[in-house]
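The values are calculated or read from the model by the stated rules, or taken from the named source; none is laboratory data. If you're wondering where the values come from, they're calculated on a predicted model, not measured in any experiment. Cβ placement follows ideal geometry from the backbone for every residue including glycine, while neighbour counts extend to all protein chains displayed. The accessibility values were calculated without ligands, DNA or RNA, using every heavy atom of the protein model including side chains. Shrake-Rupley method; radii C 1.70, N 1.55, O 1.52, S 1.80 Å.
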Amino acid sequence: MECSTYLLGELYCNATFDVQCWNFTLAGTTARGACPENHEFSIFFNDPEGYSNRKCETNGQWHKPNYTTCLSPDSIKGYPSVNALAFLGLYTLTCCYGWMLAEGTFLHFCLANAFSNKKTLVIVCCIVGWVIRQEIDQIVL
């Protein structure tokens, strides 16, 4: 937990460091700083007029820093959107579950029909893994 400090009879947030230094700040105000170069998303921070800010709450506690003002609209063009990444994640997850179903079905039939023809079973499992899973994806997505 961060501590607050009284300086000259007024409440301040303590000086602290996350990926940049934040100086003592009067409670109820917002500190403003440069965009940090060592932030995990600093490759997107190319706005020369950008800045970061962090609010010092009225109780003398720091709020989370805001680095979104460091982003310029041009810096994120050409990167996949959040919706595309969510779709890709969901698609990957359904592929994994589809293949687990196909493998489980194959193993079940191998044990249940130990002396039968496996070639037909492999074809059926491939159809379940690729065709039926794609149909389910179209219904769900």
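Scoring residue 137 on the criteria (1) open to solvent by less than 100 Å² (accessible area, probe 1.4 Å); (2) at pLDDT 75 or above leaves a single failure, condition (2). Filter region 118-131 down to residues that are hydrophobic (A, V, I, L, M, F, W, C) and open to solvent by 80 Å² or more (accessible area, probe 1.4 Å) and give me whichever is farthest from the chain's Cα centre (by Cα). Among those residues, the one meeting the criterion is 123. Just one of the listed residues (109, 87) is farther than 29 Å from residue 52 by Cβ, modelled with pLDDT of 75 or more and in contact with a Ser or Thr (Cβ under 9 Å, 6 or more places away or on another chain), and it is 109.
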